[in-house]
Amino acid sequence: MRRIVVIGSGVGAGKLAARVKRLLPGCEVNMIMPEAGGEASGPFSASAAGRRASRVLLAAREVGVLDAAELSIDLDGQTVITGSSRGRLSVRYDQLAMEIDAAPRIPRALRGAPNVFAWPGGDAAALDALLAERVAAGACRAVVVGQGAEALEALRLARAAGAAPVWVRTRGAGSDSANSVDADMWRHAARAARRNGVDVVNWTGVALERMGALPGEGGGFAALVAVGPDGSDLRVEGDLFIWTSPMVVQNPALALDGISLDDTGRIDVDGCLRTGAPGVYVFGTGVSAQRMAPDGGVEQAAPAPSEVPGMIRALADHLASIDASGGAVPPASGVAACPARDLAAELAGSDDPELADLASDIDACPCRLPALGVVHGEGPGVSVAAVGLGSAVCARAELEAEFSVYATPAGEAGQGDDETGAWRGLPAGHAVKLLAAKSGGLLLGAQVVGRDPELCAAVVSAASLALRAGMRAADLAQADLPGAAGELLRRASAILSNKLAGRYFGITPDEFIASREAGAEFFTLDLRSTPDWRAGHVPDAYNIPHTQLRKRLQDEVPRFTPIVLVAATSDAAWSVACMLGGLGATDLYVLDGGMAFWPHALETA
C-alpha cells in the first residue's frame with residue numbers, strides 16, 4: 001500500500017494530510033508531530049496553540065498521528081525513524097512532505113539571554129511566564145525588534161499581556177515577506193501604531209551586526225544598543241526583548257542530500273515543492289516557491305505561511321496525480337486541472353528558443369504554484385496586508401511600475417474641511433497602495449494599512465482576485481466591488497489609471513525634497529484648512545483651502561509654473577488636479593499620500 005508521511009505540527013500540515021487522505025482514500029497517510037507538552041496560559045502560548053493541528057480532527061479524517069520527540073530520515077531506505085516516550089519506530093514512505101518554517105535569527109551577542117526570545121517559533125510558555133512576572137512587579141517594557149507581520153503580532157500580544165509595547169523597526173532581509181510592503185506604507189503603519197500608544201523607534205538604517213546589548217542587574221539584558229548610520233549611539237531600554245526579524249531557515253533537514261538553500265536563503269524547490277531528494281517535498285515559510293511572473297516567466301514567490309490554502313491544495317493535488325514511484329497518473333477525483341499544461345503546449349510550438357525553454361520548464365512542473373505572496377499582520381490598532389509585488393521586487397526585476405496611494409484621514413468625519421465629502425462613508429485611518437506595469441497597466445500588487453483588520457483583509461482578498469484575473473488598473477477602476485473595500489480599491493485604481501494615462505503625475509516626498517535641492521521651480525499649493533497649514537506644512541507651501549480655490553485661482557495661482565498639489569491625504573489634491581486639467585493646466589503634480597505620508601521636517605506659520 002502506498003504511504004505518504006507528513007512531518008509538521010501546524011494547521012497547514014494537518015490540512016495537507018487530511019486533503020491527501022480525502023483524495024486518496026486507499027493510501028495510508030501518517031502525520032508525525034512533536035510530542036504534546038503541558039498546556040501553558042498567556043497570549044503567546046494561546047497564539048502558538050492556535051497554529052497547531054488538531055489531533056482529534058486528524059484522527060476523525062483517518063490520518064494516523066505519530067508522536068516524536070526526535071526523528072531522523074534515511075533517504076536511501078525512504079524511512080523516517082522516530083523516537084518518543086513510547087520507544088523508537090521506523091516508518092517507511094513513498095512520498096514525504098515536511099513543514100519547514102523560517103525562524104528569527106537573534107544576533108550572536110544576545111542569544112541565550114533569559115529575557116531575549118524569538119517569535120514565532122520560540123518558547124512561548126517561557127515568554128508568557130516572564131511577561132506575567134514583570135507585569136506583576138510593575139511597569140514592563142516589551143521591546144519587539146523587526147518589521148513585518150510577526151512584529152505586529154508580537155506587539156499586539158505583548159499589550160494583551162499587560163506590557164507597554166516598544167517597536168524597534170528594522171529593515172527586513174531581501175527574502176523576508178515584509179518586503180512585499182513598501183517603506184512608505186511601513187512608515188504609515190508606524191505612525192498609526194504610535195497614535196495607539198506604541199513607542200516606535202526607527203532602526204531601519206542599522207545593520208544587524210552593529211547591534212548589541214547592555215547587561216541588566218538581575219541577569220539578561222537591560223537595553224539594546226547600536227551605532228546609527230550617522231555614527232550616533234542608539235539605545236532602547238526594556239524588560240524583555242522579542243526578536244522577529246530577519247527570518248532564516250535553520251533546520252536539521254538541510255543536512256540531507258538533495259536539500260539545499262537558494263540565493264534567497266530559502267529551501268530550493270520546484271513548482272511542485274519537490275526538493276532534490278527523491279520523493280521529498282517541503283512547504284512553509286522556509287520554502288522558496290516558484291510562480292508565474294507577470295511577463296510570463298518564472299520567479300520566486302514571497303515566503304508563504306504553510307496554512308495558506310493555495311500552497312496546501314496545490315501540493316495535495318500534485319500528490320494525488322502521481323503514483324508511489326512518482327510517475328504521472330490520471331488525477332484523482334476532486335483534483336483541480338492545471339492550466340500550466342495548456343500554456344506549455346501553446347509555448348512549445350513557438351519558434352522563439354526562449355519560449356520553448358520556458359515551455360519545457362513549465363511542463364516539468366505541471367502543478368506550478370499560482371502563489372501571489374500574501375502578507376497579513378495585526379498589531380495594536382493597526383493592520384498591514386499586501387498581495388503581489390512590492391516596489392523593491394519590481395526594481396530588482398527591472399520592471400517599470402507606477403503606483404497610486406489613496407488614504408482616508410486618521411481622524412473621524414468632519415475633521416479638516418479640505419477632505420469634507422471626498423471620503424465620506426469610508427472608514428478613517430486606512431491607506432491603499434496599488435502598483436501596475438507602466439506598459440499596459442497590468443496590476444502587479446496591492447498594499448493596505450488601516451485600523452480594521454477585516455477591512456484590510458477584504459481589500460487584499462479583492463485585489464488578489466484582480467491580480468489572478470490579469471486585470472489592468474483601468475479595469476479595476478470600473479469594477480463593481482461592494483463595500484468599503486471595493487470603494488477604496490476603486491478610488492486607488494482610478495488615481496493609478498489617470499497617472500498611467502498621463503493626465504497628471506505623482507511626486508513622492510523624497511522626490512519633492514530632491515527636486516527642491518536640485519533647484520527645480522514649482523508652485524506648491526497646500527489645499528488644507530488654514531489652521532492645519534499653520535500647524536505644519538511642507539517647505540514654501542502656499543495655502544488656499546480647496547473650498548476657496550475657484551474664487552482665488554485666477555489671482556493667486558501662477559499659470560505657467562509647474563504646480564505641486566498638497567492635501568491631508570492627497571484625495572482632495574487629485575480632485576483639484578482633475579479640475580485644473582480640465583481648465584488646460586498640464587504640469588500638475590500631486591504629493592503622493594499627502595501630508596499623511598510626509599516623513600520630513602515641517603515649516604510652521
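The values are calculated or read from the model by the stated rules, or taken from the named source; none is laboratory data. Because the structure is predicted, anything quoted here is derived from the model rather than measured. Positions of Cβ are backbone-derived with ideal geometry, glycine not excepted, and every protein chain shown enters the neighbour counts.
What single numbered condition from (1) free of Cβ contacts under 8 Å to residues at least 24 places away in the same chain; (2) of a type outside the set (S, T, N, Q); (3) touching a strand residue (DSSP E or B) at 6+ places or on another chain (Cβ under 8 Å) fails to hold for L224? With respect to (1) free of Cβ contacts under 8 Å to residues at least 24 places away in the same chain; (2) of a type outside the set (S, T, N, Q); (3) touching a strand residue (DSSP E or B) at 6+ places or on another chain (Cβ under 8 Å), L224 is out only on (1). Considering only region 277-285, I want to know if a residue exists there that is loosely packed, with under 14 Cβ neighbours inside 10 Å and either in contact with a helix residue (DSSP H, G or I) (Cβ under 8 Å, 6 or more places away or on another chain) or more than 23 Å from G148 (Cβ to Cβ) (or both). Scanning region 277-285, I find no residue that is loosely packed, with under 14 Cβ neighbours inside 10 Å and either in contact with a helix residue (DSSP H, G or I) (Cβ under 8 Å, 6 or more places away or on another chain) or more than 23 Å from G148 (Cβ to Cβ) (or both), so the answer is no.
Filter region 353-390 down to residues that are surrounded by fewer than 22 Cβ atoms within 10 Å (Cβ to Cβ) and modelled with pLDDT of 75 or more and give me whichever is farthest from T244 (Cα to Cα). So, considering only residues that are surrounded by fewer than 22 Cβ atoms within 10 Å (Cβ to Cβ) and modelled with pLDDT of 75 or more, the one farthest from T244 (Cα to Cα) is G381. The set of residues in region 69-114 that are in contact with a Pro (Cβ under 8 Å, 6 or more places away or on another chain), in contact (Cβ under 8 Å) with a residue 40 or more places away in the chain and either over 23 Å from L315 (Cα atoms) or assigned to a strand (DSSP E or B) (or both) comprises A103, P104, R105. Of D571, D592, all but one fail to be of a type in the set (D, E) and at pLDDT 90 or above; the exception is D592. Taking the stated definitions as given, is A596 in a helix (DSSP H, G or I) and closer than 19 Å to P545 by Cα? Judged against the criteria, A596 is a match.
Counting only strands (runs of 3 or more DSSP E) that sit completely within region 186-291, those holding 3 or more residues that are over 29 Å from A113 (Cβ atoms) and over 19 Å from the mean Cα position of the chain (by Cα) correspond to 280-283.
Tell me, please, whether a residue that is closer than 29 Å to H600 by Cβ and either out of contact with any Pro (no Cβ under 6 Å at 6 or more places or on another chain) or assigned to a loop (DSSP other than H, G, I, E, B) (or both) can be found in region 479-488.
Taking every residue of region 479-488 in turn, at least one turns out to be closer than 29 Å to H600 by Cβ and either out of contact with any Pro (no Cβ under 6 Å at 6 or more places or on another chain) or assigned to a loop (DSSP other than H, G, I, E, B) (or both).
Screening L435 on (1) outside any helix (DSSP H, G or I); (2) among the aliphatic types (A, V, I, L, M); (3) surrounded by fewer than 18 Cβ atoms within 10 Å (Cβ to Cβ) shows it passes everything except condition (3). Answer with yes or no whether A492 is surrounded by 21 or more Cβ atoms within 10 Å (Cβ to Cβ) and within 18 Å of V387 (Cα to Cα). Criteria met by A492.
Each row is one residue, and each column tells you yes or no for (1) surrounded by fewer than 23 Cβ atoms within 10 Å (Cβ to Cβ); (2) modelled with pLDDT of 90 or more.
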residue: V168; (1), (2): no, yes
residue: D176; (1), (2): no, no
residue: A192; (1), (2): no, yes
residue: V198; (1), (2): no, yes
residue: M211; (1), (2): yes, no
residue: L214; (1), (2): yes, yes
residue: E217; (1), (2): yes, no
residue: G228; (1), (2): yes, no
